[in-house]
Amino acid sequence: MLENYDNTKELFLGRALRDRSATIIHHFAFIDNPQKFAYADFAAGFLLSQPLIQRLARMIKARKDKMDFSIDVKHELSKFIWDEDKGPSLIDVPQLCAGSNSEDCVTNFPSKIPDCRPIISKDDIFFAVKTCEQFHKDRVPVVKNTWGKEAQHIEYYSDKEDLTIPTVYLGVPNTERGHCGKLLAILKRAHEHPVISKKPWVVITDDDTILSVSRMQRLLSCYDYTQPVALGERYGYGVSVGVGYDYITGGGG
């Protein structure tokens, strides 16, 4: 495969992904035409030529990347390499695959959840849904009519008690920025509540999180609940400049 490429040039090879619309996880980059930018699918692997590696080393040494928040590394790295069109764009290589059965694939990656048996019971999972009064009539009904009705144990935590749902008010007001107070209150309740505290797993979601309860059962069956385990989508703050920390975003659960 590589014999078709000139390794004396700055080359970035991978399986190309493109956004259909601007997204918050990509910082609304290329908002006018997000499909014009291709970024590498890490699951398929990606390749850098040595001249490009040398260029990136110089850029990193100069600490050119000053981004505070790191959300989707594959998009952010591809954008860093592109460097406002001063660096190379990603070259789509069909032989780099993810979830494909093609015999032409040089790389591949399984797209299915591992089969870890026995599958845990619905009774082993408690779902905590974060919401607020603003979304009681539009978001919460969607959850209740879809995956929420598959959950055996579920509570909705809000800034206002609503017996029609019903919601649980934990004494924490809703805020536009930062939801640590509500999250800490949920964790405290999960620890102290006589029923919730006995559940092997607590899944915390937002009121616009979409999930599959059966797939969650399969996923959690691959982990040992007797160990301190935290699962979620990683966000980072300040990590691109050598300081800061990683944290789990609430949106993905």
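The values are calculated or read from the model by the stated rules, or taken from the named source; none is laboratory data. Values in this document were obtained by computation on a predicted structure and should not be read as measured data. Note: ideal-geometry Cβ built from the backbone for every residue, glycine included; neighbour counts use all protein chains shown. Heads up: the accessible areas ignore ligands, DNA and RNA and are worked out on the full protein's heavy atoms, side chains in. Shrake-Rupley method; radii C 1.70, N 1.55, O 1.52, S 1.80 Å.
A probe of 1.4 angstrom, applied to the heavy atoms of all protein chains, finds V229 with accessible area near 60 square angstrom. Estimated purely from DSSP H runs of n ≥ 4, each contributing -39500 (n - 2.57), the mean residue ellipticity at 222 nm for the chain is -6000 deg cm²/dmol once divided by its residues.
Does the stretch 176-253 come out rounded, prolate or oblate, given a ≥ b ≥ c as the square roots of the eigenvalues of its C-alpha gyration tensor, rounded meaning a/c under 1.5 and, failing that, prolate meaning a/b above b/c?
Details: a/c = 1.64, a/b = 1.39, b/c = 1.18.
The shape class here is prolate.
Maximal additional length on extending the N33-Y237 stretch stands at 70.8 nm, based on 0.36 nm per residue less the C-alpha distance. Students often get this wrong, so check it: of K74/K188; K79/K182; K74/K160; K79/K149; K122/K188; K149/K182, which have C-alpha atoms separated by over 31 Å? Result: K74/K188; K79/K182; K74/K160; K79/K149 exceed 31 Å.
In straight-distance terms, cross-link reach from K36 covers every one of the aspartates and glutamates whose alpha-carbon lies under 18 Å from its own, apart from those fewer than eight places away in the same chain; here that gives D19, D72, E76, D83, E84, D85, D92.
Suppose every K and R has +1 on its Cβ and every D and E has -1 on its Cβ; what is the size of the dipole of the stretch 1-79 about the Cα centre, in Debye to the nearest 20? Each step should come with its number before you reach the end.
Working: 13 positive and 10 negative charges, 53 e Å.
Using Cβ point charges on Lys, Arg, Asp and Glu, the stretch 1-79 gives about 260 debye.
For V203, the amide hydrogen comes within under 5 Å of the amide hydrogens of F126, F127, A128, counting only partners 5 or more places away or on other chains and with H modelled in the peptide plane. An ellipsoid equivalent to the stretch 85-125, defined through the eigenvalues of its Cα gyration tensor, has semi-axes of 37, 17, 6 Å when rounded to whole angstrom and sorted largest first. A dipole drawn for the stretch 59-196 from +1 and -1 charges on Cβ atoms has a positive end, and of F80, P166, P114 the residue lying farthest that way is P166.
Might you report the magnitude of the Cβ-based charge dipole of the stretch 147-253 about its Cα centre, with Lys and Arg at +1 and Asp and Glu at -1, to the nearest 20 debye? Before the final figure, lay out each step's value.
Numbers: 11 positive and 13 negative charges, 62 e Å.
In total the dipole reaches around 300 debye.
Give the distance, in whole Å, between the Cα centre of the stretch 5-54 and the Cα centre of the stretch 220-237. Taking the Cα centre of the stretch 220-237 as reference, the centre of the stretch 5-54 is 28 Å away.
For E84, the solvent-accessible surface with a 1.4 Å probe is about 120 Å², rounded to the nearest 10.
Compared with the alpha-carbon gap, the fully stretched path from V229 to E150 is longer by 26.1 nm at 0.36 nm per residue. Ordering H75, H153, H27 by accessible surface, largest first, gives H27, H153, H75; the 1.4 Å probe counts only protein heavy atoms, with every chain in place.
Legend: P(r) of the stretch 63-144 from all alpha carbon pair distances, 5 Å bins from 0, whole percents, reading 3, 9, 10, 9, 10, 12, 15, 13, 13, 6, 1. Per-residue extension of 0.36 nm, minus the Cα-Cα distance of T164 and I196, leaves a gain of 9.4 nm for this segment. Between the listed residues V195, G251, T8, the Cα displaced farthest toward the positive end of the dipole of the chain, a dipole computed from Cβ unit charges relative to the Cα centre, is found at V195. Listed as lacking a disulfide-compatible partner in the chain: C132, C180, by the criterion of no other cysteine Cβ under 4.7 Å. For the chain, a Gaussian network of Cα nodes joined below 10 Å ranks C180, C132, C222 by mean-square fluctuation, and the top entry is C180. Near V168, the amide H atoms lying under 5 Å from its own belong to Y156, Y157, S158; only residues 5 or more places off or on other chains count, and H is placed 1.01 Å from N.
Note on D104 and D85: their simple-model spin labels are 3.1 nm apart, each label 7 Å out from Cα toward Cβ.
Need one word for the stretch 64-222: rounded, prolate or oblate. Basis is the Cα gyration tensor (sqrt eigenvalues a ≥ b ≥ c); a/c below 1.5 gives rounded, then a/b vs b/c decides. Please list the in-between numbers first.
On the way: a/c = 2.57, a/b = 1.54, b/c = 1.68.
It comes out oblate by the Cα gyration axes.
Relative contact order of the stretch 1-154, taken over Cα pairs closer than 8 Å and 6 or more residues apart, is 23 percent.
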